[in-house]
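S.K.: Below is a structure I'd like to ask you about.
Since every read-out is calculated from the coordinates, none of them should be taken as a lab result. Remember, it's a predicted structure, so these values are computed and weren't measured experimentally. Every residue, glycine as well, gets a Cβ built from its backbone with ideal geometry; the counts of neighbours run over all protein chains shown.
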Amino acid sequence: MTLQLGVLISGRGSNLVAVSDAIDAGRLDAKIRVVVTNNPDAPGIVWAQTRGIPAVVVRPNGFENRAQYEQSIVESLLSNGVDWVLLAGYMKLVGKTLLSRFKNKMVNIHPSLLPLYKGLEAQKQALDAGATESGCTVHLVNLKMDDGPILGQRRVPVVPGDTVATLSDRILVQEHQLLPEVLQSIALGSMKNTF
Ligand code: GRF
């Protein structure tokens, strides 16, 4: 089943590009239907525009409350035929309005071995904790931050002299591989949700 993806981003968008590359290379049976961002300056939104992918900026400030903000996102996703939502560096907590429409059809990628180091600066958290390894996780989204059933993980070592930048780069390489793989498992129907 070809996944009809809606991708939510807030920034750089390298995972978005990795997913697009995997589709182009025939490693992922999906189509990116729309990219939505809360950040008008997100580099990833420019990338989407140059690729001719519908790109929508939804500014939280323009709405009275989170429900209205998320309803606008839901409408952008539905009007573009989205059936699965990917959070790829989307720096906001997902609320009920968005989640209820895509329950168990929304995945997030996070740069740690969850349940360790949830939230911001996960790579710094790993270094500060003296971890000897870290990695990345793709999981189904629920209402808690970086929570929900884990669909896939990749591990990387933390090496002497690592900085946030070097560890982040090492993890990012794995993110770009893991994310398309997990999405392809979903597309193939080999990842059944039982919840
Ligand atoms: C990635 O490290 C991802 O795991 C986290 O935010 C970062 C987004 O990077 N959720 P990019 O925008 O995909 O380059």
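S.K.: Can you give the % of DSSP beta bridges in the chain that are antiparallel, to the nearest 5?
M.R.: Working: 11 of 28 bridges.
Rounded to the nearest five, the antiparallel share is 40 percent.
S.K.: Over the Cα atoms of segment 48-101, what radius of gyration and what Dmax do you get, in Å?
M.R.: In order Rg, Dmax, the Cα atoms of segment 48-101 give 11.5, 32 Å.
S.K.: Between Gln68 and Leu188, what is the label-point separation in nm under the 7 Å Cα-to-beta-carbon projection?
M.R.: 4.6 nm
S.K.: What's the longest uninterrupted piece of the chain once you rule out the trypsin sites (Lys or Arg not before Pro) that are loop residues per DSSP with at most 11 other Cβ within 10 Å?
M.R.: Working: sites that count: Lys144, Lys192.
Value returned for the longest uninterrupted segment is 1-143.
S.K.: I'd like the FRET efficiency for Val57 and Gln4, computed as 1/(1 + (r/R0)^6) with the beta carbon distance as r and R0 of 25 Å, rounded to 0.05.
M.R.: Values: r = 21 Å, r/R0 = 0.83.
E(calc), rounded to 0.05, equals 0.75.
S.K.: Using a Förster distance of 35 Å, how high is the FRET efficiency between Gln177 and Leu143, based on the Cβ-Cβ distance and rounded to 0.05?
M.R.: My answer for the efficiency is 0.80.
S.K.: Expressed in nm to one decimal, what extension gain is obtained for the pair Glu121 and Val164 from 0.36 nm per residue of sequence separation less their Cα-Cα distance? Kindly include the intermediate steps, with their values, before the conclusion.
M.R.: Details: separation 43, 0.36 × 43 = 15.48 nm, distance 0.87 nm.
Full-extension gain reported as 14.6 nm.
S.K.: Please work out how many pairs of lysine residues in the chain are eight or more positions apart (or on different chains) and have Cα atoms closer than 27 angstrom.
M.R.: 25
S.K.: Taking every alpha carbon pair in segment 20-80, what does the distance histogram look like in 10 angstrom bins from 0, in percent?
M.R.: Over segment 20-80, the share of Cα pairs per 10 Å bin runs 22, 44, 27, 7, 0 percent.
S.K.: Let me ask something else about it. Please name which of Leu98, Val57, Leu16 has its Cα lying farthest along the dipole of segment 1-120 towards the positive end, using unit charges on Cβ (Lys, Arg +1; Asp, Glu -1) and the Cα centre as origin.
M.R.: Going by the charge dipole, the pick is Leu98.
S.K.: Right, another one. For every other residue with a beta carbon closer than 12 angstrom to the beta carbon of Gly89, add +1 if it is Lys or Arg and -1 if Asp or Glu, then tell me the sum.
M.R.: Details: positive: Arg12, Lys92; negative: Glu175.
Charge balance near Gly89 sits at +1.
S.K.: Further question on the same structure: Kindly provide the pair-distance distribution of segment 26-129 built from C-alpha pairs, with 10 Å bins from 0 and whole-percent values in order of increasing distance.
M.R.: 13, 41, 34, 12, 0
S.K.: Using DSSP to define loop residues, name the GluC sites (Glu not before Pro) in segment 44-121 whose beta-carbon has at most 12 other beta-carbon atoms within 10 Å.
M.R.: Values: sites: Glu64, Glu70, Glu75, Glu121; in loops: Glu64, Glu121.
Sparse-neighbourhood loop GluC sites (Glu not before Pro): Glu64.
S.K.: When the Kirkwood hydrodynamic radius is evaluated over all pairs of different C-alpha atoms of the chain, what value in angstrom, to one decimal, is obtained?
M.R.: Numbers: mean 1/r = 0.0591 Å⁻¹.
Roughly 16.9 Å, rounded to one decimal.
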